[in-house]
1. State whether the residues of segment 24-36 include one that is aromatic (Phe, Trp, Tyr), modelled with pLDDT under 50 and surrounded by 11 or more Cβ atoms within 10 Å (Cβ to Cβ).
2. Only one residue in 92, 136, 144 is part of a strand (DSSP E or B), assigned by TED's automatic domain parsing to the domain that holds residue 172 and surrounded by fewer than 17 Cβ atoms within 10 Å (Cβ to Cβ), so which one is that?
3. Being closer than 22 Å to residue 90 by Cβ and in a strand (DSSP E or B) is the filter here; which residues of segment 118-133 pass it?
4. Given the condition in contact (Cβ under 8 Å) with a residue 40 or more places away in the chain, buried (at least 16 other Cβ atoms within 10 Å of the Cβ), within 17 Å of the chain's Cα centre (by Cα) and part of a helix (DSSP H, G or I), answer yes or no: does some residue in segment 163-179 qualify?
5. Please tell me if residue 127 is in contact with a Leu (Cβ under 9 Å, 6 or more places away or on another chain), of a type in the set (S, T, N, Q) and at positive phi.
6. In this structure, is residue 111 free of Cβ contacts under 8 Å to residues at least 12 places away in the same chain, among the hydrophobic types (A, V, I, L, M, F, W, C) and within 27 Å of residue 81 (Cα to Cα)?
7. Residue 153 is checked against (1) assigned to a loop (DSSP other than H, G, I, E, B); (2) surrounded by 14 or more Cβ atoms within 10 Å (Cβ to Cβ) and fails just one. What number does that condition carry?
8. For residue 98, work out the one condition from (1) assigned by TED's automatic domain parsing to the domain that holds residue 172; (2) farther than 15 Å from residue 188 by Cβ; (3) in contact (Cβ under 8 Å) with a residue 40 or more places away in the chain it doesn't fulfil.
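The values are calculated or read from the model by the stated rules, or taken from the named source; none is laboratory data. These numbers come from a predicted model, not from an experiment. So basically every Cβ, Gly included, is an ideal-geometry build from the backbone, and we count neighbours across all protein chains shown.
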Amino acid sequence: MRQFLTLGFWMSLFALAGLTVGLWTITRDDVPAVDDAVVVAPEERPIDLIGMVFLARADPGFDIVAGRTVGDLQIRVDGFRYMNVKQGTPGENRCGELDQLARCAVVADLLGEAVLWFSIVPLSPRNLVELPGPAELRDGGRLELQNGWIVDRADVVERECPEDTASLSEFTQRFGEGATSVFSLDEQQVIRVRCSEDVAVPSGT
């Protein structure tokens, strides 16, 4: 009993307790921080129109601020149709040549003739528009893209990739992320998909 109460014994207990607390503290500090970032799926957006911006005329001081238009914008589509984008309409401009004739295309979600949302994107030669890769095949000949846009697709969509795929569905599953969907203004549908340049040519070919 006297040995239990000796100063040396108590000092040993305190040292052991301190070591235990220290190890517990180090373990807690070494636990990796939990990443609170949440990957948000893109909003699904049915697309009613993808057309050429033949000419665009805007109010003085027109701009797109915080995703909404400041002022009105009138777009002449295909050389004979007009689209009126009212002030406050959600939208974006991804084409740096909007002031040039037929250098951009407009993608729009419509309600009748009213523009609910729009995006102005670059127009490639031969009236083609390059869009994000396919994400999911939809019924009715529709195709959901990686950014949530839902557009029409051809019955047979050409697949360009160093690696062969048996179907558009397989292409979408394997290469959709990072791929490109090519939309034809003349045919008003996706006619081709192209996998990312990062996809290597299979060895032995």
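1. no
2. 136
3. 118, 119, 120, 121, 122, 129, 131, 132
4. Yes, that holds for at least one residue.
5. In short, yes.
6. Here the answer is yes, as residue 111 does meet what is asked.
7. Answer for residue 153: the failing condition is (1).
8. (1)
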